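J.: Structure below; questions to follow.
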Amino acid sequence: MSRQPFFDEHREVSRRYFLRQSMELGGGAGALSLSGGVLQAAEESDAVAKAQAALDAQIKGLQYLTEPDKFVPVERGNPLPYKLPPEKLKAAGMTRESWRLEVLPDPESNSQVERPLRVADGTALRFDALMKLAEKHSVRFLKTMTCNNIGSPLGTGLWEGVPLREVIWAAKPTSNVRRVWFYGYHNEDPKQEFRGSLSVGRVLEDPPGIPPVILCYKLNGDWISGKRGGPVRMVIPESYGFKNIKWLTRVFLTNRFNANDTYERGNNDINSWMKSIARFISKPRRGAAGVPIPLTGLAQVGINGVSKVQAWLHPKDKPLPGGDPYFQKAPWQDMKLLPPPKDFGGGLPKDAIGPGVSPPVHGFDAKTGRPTSWPQAYSLVHWAGLLPGVAAGRYELRCRAINNRGVAQPLPRPFRKSGASDIERVSLTVRD
């Protein structure tokens, strides 16, 4: 599965902007201060120019949001629901006109629901009824989609929808509800069924500063496509992709305590919050001796944020530090976290984020249209920097994120089944 479309989408940083960021790392023009040392002013201009030339060859820019058709696909179904012929799409409820959502009590528990929403009796939620709810309750937020077991993000979007709790309350549950189970359409084949679950507490009340769980119908300002899980899908801000069920058709309210997730028996942590990790966008494979090494990348922002990103270049012919499996004592060097972009890209209409837009974007100031803090949890932040020039040789280049509590990747949760957090490594050869 190729991640190249996602990384190509992030290549739009201008040469002048990167030079400005380079100087900011050192506090101004004429002196590029790096944690590994200070280049002499006479040498700096030529070294930075060479580094910039290398940067120009590698990078054309960074774009924040991912165009919807360039998300890395992670799909289930044979055939995939959105590839059904038009008449079957309609019959399956996979068009906005034919979509229906059932909200039902679990028949195998004692949940009490006064007004279940059923297809059979015509009470299931229709798309036009969802849009009526959206007039009062719609929300928008930034979120990076990322897979529990894939090392890099799948894409970042501006997601819009109605909080799931609004629809649950419309069904009038009264008692004996502990979990919410939700299901996506998969050809009526139990072996292809894709499902997820949450505690009812998470659905009905949001943790501080976190957007609600939504029935999502728009991505980057446009109707969400079948390929991305439309006409309506689940989007859970803090969760990995496998809980963000596509092609949503049914919700069960249950008094059973257990989860029903598709991956519950797949040796995965199904309740894991997203982790903070850093990844390279530019991956230099060759360099010139004595010339600074330009780096750009992204950091996925997990539950405890990202306070900084660091890089480390280590000669291959030297042993790695002993007794330090997560490289906590290595000579890491700080990179620069880039500010929020003025243009978020991703095909987003230019007036979709800004002063006075409705609905406002979660975490953005309604008057200025700009983020109230940066980076935002469960989205991403770009980073850039120059490593000092080194002697000819073979090296290993690594990057890591450090969260707002000062804990460095892959900690505090290094175990793979709760989300990928390994430190990315790139081989680099420097020649005279």
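The values are calculated or read from the model by the stated rules, or taken from the named source; none is laboratory data. Keep in mind that what you see is a predicted model, and the values were worked out from it rather than measured. FYI the Cβ positions are ideal-geometry reconstructions off the backbone, even for glycines, and counts take in every protein chain you see. Accessible surface areas use protein heavy atoms only, side chains included; no ligands, DNA or RNA. Shrake-Rupley method; radii C 1.70, N 1.55, O 1.52, S 1.80 Å.
J.: How do Asp269, Asp128 rank by accessible surface area computed with a 1.4 Å probe, from largest to smallest?
T.: Per-residue accessible area, sorted high to low, gives Asp128, Asp269.
J.: Provide Cys216, Cys147 ordered by accessible surface of protein heavy atoms (probe 1.4 Å), highest first.
T.: Result of the area sort, largest leading: Cys147, Cys216.
J.: What percent antiparallel are the DSSP beta bridges of the chain, to the nearest 5?
T.: 90
J.: Find how many whole Å separate the alpha carbon centroid of the stretch 65-136 from the alpha carbon centroid of the stretch 360-407.
T.: 36
J.: Using just the helices of the chain, give the 222 nm mean residue ellipticity in deg cm²/dmol: DSSP H runs with n ≥ 4 each add -39,500 (n - 2.57), and the total is spread over all residues, rounded to 500.
T.: Rounded to the nearest 500, it is -4000 deg cm²/dmol.
J.: Determine how large the accessible area of Glu160 is when every protein chain is in place; take a 1.4 Å probe and give Å² rounded to the nearest 10.
T.: Looks like 30 Å² after rounding.
J.: Taking Cα centroids, how far is the stretch 138-212 from the stretch 245-308 in Å?
T.: 17
J.: Still on this structure, please answer the following. Based only on Cα atoms, what Rg/Rh ratio does the chain have, Rh being taken as Kirkwood's radius?
T.: Ratio of gyration radius to Kirkwood radius for the chain: 1.02.
J.: Return the equivalent ellipsoid semi-axes of the stretch 52-182 as a descending list in whole Å, where each equals the square root of 5 times an eigenvalue of the C-alpha gyration tensor.
T.: 37, 19, 16
J.: While we're looking at this one, here's another question. What FRET efficiency comes out for the pair Asp324/Phe257, r = Cβ-Cβ distance, R0 = 35 Å, nearest 0.05? Intermediate results must be reported in sequence, preceding the final value.
T.: Details: r = 41 Å, r/R0 = 1.17.
Computed FRET efficiency for Asp324 and Phe257 comes out at 0.30.
J.: Applying a 10 Å radius around every beta-carbon, put 352-360, 379-387 in order of their mean neighbour count, most first.
T.: Values: 352-360: 15.1, 379-387: 25.0.
Ranked from most to least packed, the peptides come out as 379-387, 352-360.
J.: Could I ask something else about it? For the stretch 225-310, what relative contact order do you get, as a whole percent, if you take Cα pairs closer than 8 Å and at least 6 residues apart?
T.: 24
J.: Now for a different question. Could you give the spread of the C-alpha atoms of the stretch 143-185 along their three principal axes, from largest to smallest, in whole angstroms?
T.: Result for the stretch 143-185: principal-axis Cα extents of 42, 23, 20 Å.
J.: Ignoring any ligand, DNA or RNA, what whole percent of the accessible area of the chain comes from carbon and sulfur when the probe is 1.4 angstrom?
T.: 50
J.: Right, another one. Would you please give the FRET efficiency between Leu411 and Arg285, computed as 1/(1 + (r/R0)^6) with r the Cβ-Cβ distance and R0 = 25 Å, to the nearest 0.05? Before the final figure, lay out each step's value.
T.: Numbers: r = 29 Å, r/R0 = 1.14.
Calculated value: 0.30.
J.: While we're looking at this one, here's another question. Per residue, how much space in cubic angstrom lies within the convex hull of the C-alpha atoms of the stretch 279-432? If you can, show how the numbers build up before the last one.
T.: Details: hull volume 20.5 nm³, N = 154.
Per residue, the Cα convex hull of the stretch 279-432 comes to 133 Å³.
J.: While we're here: Taking the Cα-to-Cβ direction at Val119 and at Thr95 and moving 7 Å from each Cα, how far apart do the two end points lie in nm?
T.: 1.6
J.: Sticking with this one: Given a cut-off of under 8 Å on Cα pairs at least six residues apart, what relative contact order in percent is computed for the chain?
T.: Computed over the chain, the figure is 18 percent.
J.: With 21 Å as the limit, write out which pairs from Lys88/Lys227; Lys227/Lys342; Lys243/Lys275 have Cα-Cα distances beyond it, or answer none.
T.: Lys227/Lys342
J.: Related question: Most fluctuating residue of Pro107, Pro292, Pro412 in a GNM of the chain with Cα springs under 10 Å: which is it?
T.: The residue that fluctuates most here is Pro107.
J.: Hey, can you find the accessible area per residue of the chain for me, probe 1.4 Å, expressed in square angstrom?
T.: Counting only protein heavy atoms, the per-residue value for the chain is 45 Å².
J.: Heavy atoms only, 1.4 Å probe, whole protein assembly: order Lys136, Lys70 by accessible area, highest first.
T.: My answer, sorted largest first, is Lys136, Lys70.
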